[in-house]
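J.: I'd like to ask you about the structure that follows.
What follows draws every value from the coordinates through simple rules; no lab data is involved. Source: prediction; values computed, not measured. All Cβ positions, glycine included, derive from the backbone under ideal geometry; neighbour counts span all protein chains shown.
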């Protein structure tokens with residue numbers, strides 16, 4: 001179930017980001033929603049390098065959503 005959530009959120013998020021425009025904001029939000037699943041899965045498997053990378057991606061997707069939100073709806 002966790003891997004299915006990673007697949008769905010990750011694929012949809014990447015596709016929306018690639019479209020650009022307002023879809024890009026939604027893509028960053030959807031990709032950000034995949035991160036808890038990545039964090040749980042990598043922690044449970046003891047994949048510490050991947051877990052640190054998932055932490056980095058959590059920050060990156062969050063930052064992308066934050067900056068696109070400001071671009072779309074004002075500061």
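J.: Percent of Cα-Cα pairs per 5 Å bin, from 0 to the last occupied bin, for segment 16-55, please list those.
T.: P(r) for segment 16-55, in whole percents per bin: 6, 26, 20, 14, 15, 11, 6, 1.
J.: Also, quick follow-up: Order of 19, 68 from fewest to most other C-beta atoms within 10 Å?
T.: 19, 68
J.: If you average over every viewing direction, what projected area does the convex hull of the Cα atoms of the chain give, in nm²?
T.: That works out to 4.7 nm², a quarter of the Cα hull's surface.
J.: Related question: Counting other C-beta atoms within 10 Å, which of 12, 17 has the fewest, and how do the rest follow? Kindly include the intermediate steps, with their values, before the conclusion.
T.: Details: 12 16, 17 19.
Least crowded to most crowded, the residues run 12, 17.
J.: Counting other beta carbons within 10 Å of each residue's own, what order do 24, 70 fall into, fewest first?
T.: Details: 24 18, 70 11.
Ascending number of Cβ neighbours within 10 Å: 70, 24.
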